[in-house]
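Report on the following structure.
The values are calculated or read from the model by the stated rules, or taken from the named source; none is laboratory data. Everything quoted here is computed from the prediction, not taken from an experiment. Cβ placement follows ideal geometry from the backbone for every residue including glycine, while neighbour counts extend to all protein chains displayed.
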Amino acid sequence: MTSGGDSPGMNAAIRSVVRACAYYRVSSVGIYRGYEGLIEGDFIELTARSVNNIINKGGTILKSARSAGFRTEEGRAKAYEQLKENEIEAMVVIGGDGSFTGAVIFNEEYDFPVIGIPGTIDNDIFGTSHTLGYDTALNTAVEAIDKIRDTASSHNRLFFVEVMGRDAGFIALNAGVGAGAEEILIPEENLGLDRMLESLKKSRRTGKSSSIVVVAEGDKSGKNVYELAEYVEQNLPEYDVRVSVLGHMQRGGSPSCFDRVLASRLGVKAVELLLDGKTNLMVGLQNNEVISTSIAEAIKGGHSINQELLRVSDIMTT
Ligand code: ATP
């Protein structure tokens with residue numbers, strides 16, 4: 001199943017799980033709409049051929065949903081009944097930490113084998129250097145910022161560009177460095193509004209004709225992107241300020257080659273772990289090796305921001 005927010009690469013992961021099952025002569029069933037479809041028994045038999053031509057598609061053919069029902073004991077009891085009735089013996093959940101929390105609770109209650117594949121563009125899951133969809137989202141954001149830069153420099157404007165990341169600044173920091181942003185504001189570090197003003201003043205003094213400030217949705221300053229723009233307009237009236245919110249376009253699109261390969265590797269590992277009798281693990285990537293971490297640890301542990309990259313970003317804004 002795919003659960004929670006969708007991310008590019010989920011289809012490639014479904015394909016990988018189904019093909020790995022076919023390879024090991026295990027039958028597989030897709031569950032529509034995450035835990036909601038599980039409770040309702042909305043299943044589809046999948047074969048190696050049912051997942052043709054989906055590796056390059058964004059979104060998820062199995063659809064995704066948030067399920068209030070699965071948060072209740074009755075909902076989970078119904079889900080278990082559906083699995084038993086359909087003779088399903090194990091489950092691969094592709095989703096974020098909420099989906100994994102649900103999987104762990106379900107396993108505790110029913111001893112039902114589950115393996116998680118991290119699928120979220122935010123990259124905020126411990127136990128993997130990359131979540132599925134993060135690389136694609138990053139590339140989408142950089143491409144969009146490059147385009148904004150063209151109009152910013154034609155009009156000598158300052159653009160505030162909001163990227164996704166309510167609790168995590170991975171997209172903002174990496175897309176910001178990749179697109180040459182003058183400032184990057186993220187949820188993990190309060191870089192200070194005065195510092196931003198100073199930096200923008202310096203940019204102007206040193207002859208920059210346009211500026212881009214990349215802001216994560218959940219920036220630590222507590223101000224949203226419109227409030228930040230207003231703050232700069234009030235304090236630096238010489239700037240012609242504009243705002244662009246990239247929004248959900250970052251969640252869609254054809255997955256990058258990196259996400260397709262990652263999804264293929266994680267899907268195979270997930271099936272192999274289940275066939276080995278393992279459960280409650282999340283598969284992930286560390287130093288380009290496919291590894292597994294206990295789901296409980298993956299949920300609890302934070303994925304900290306790279307301090308070296310923060311330093312590089314500082315130096316690049318000189
Ligand atoms: P994203 O990172 O994109 O938000 P997510 O997997 O974290 O993805 P959530 O909406 O948090 O998305 O969780 C997905 C679903 O997992 C929920 O709709 C709910 O059905 C189930 N879930 C989450 N937390 C719990 C919980 N504590 N108990 C049972 N089920 C849960």
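For the reader, a short list of remarks on this structure follows.
- Residue 261 vs. criteria outside the structural domain of residue 158 (by TED's automatic domain parsing), touching a Cys at 6+ places or on another chain (Cβ under 7 Å) and modelled with pLDDT of 95 or more: no
- Residues within the stretch 1-22 that are within 19 Å of residue 254 (Cβ to Cβ) and of a type in the set (A, V, I, L, M, F, W, C), tallied: 4
- Across the stretch 98-117, the number of residues qualifying as near the ligand (Cβ under 7 Å from one of its atoms) and closer than 12 Å to residue 7 by Cβ comes to 1.
- From 131, 120, 151, 136, residue being away from the ligand (no atom under 13 Å from the Cβ), buried (at least 20 other Cβ atoms within 10 Å of the Cβ) and either without any contact (Cβ under 8 Å) to a residue 40 or more places away in the chain or polar (S, T, N, Q) (or both): 136
- The helices (runs of 4 or more DSSP H) falling completely within the stretch 1-93 that include 1 or more residues that are of a type in the set (Ser, Thr, Tyr) and within 16 Å of the ligand (Cβ to nearest atom) map to 34-40, 73-85.
- The stretch 154-169: number of residues that are within 16 Å of the ligand (Cβ to nearest atom) and buried (at least 20 other Cβ atoms within 10 Å of the Cβ): 5
- First in the stretch 51-74 and modelled with pLDDT under 95, second anywhere and more than 13 Å from the ligand (Cβ to nearest atom), Cβ under 9 Å, 6 or more apart: 65/32
- Checked against the criterion of being buried (at least 22 other Cβ atoms within 10 Å of the Cβ) and of a type in the set (Ser, Thr, Tyr), the candidates 221, 211, 203 yield just one match: 211.
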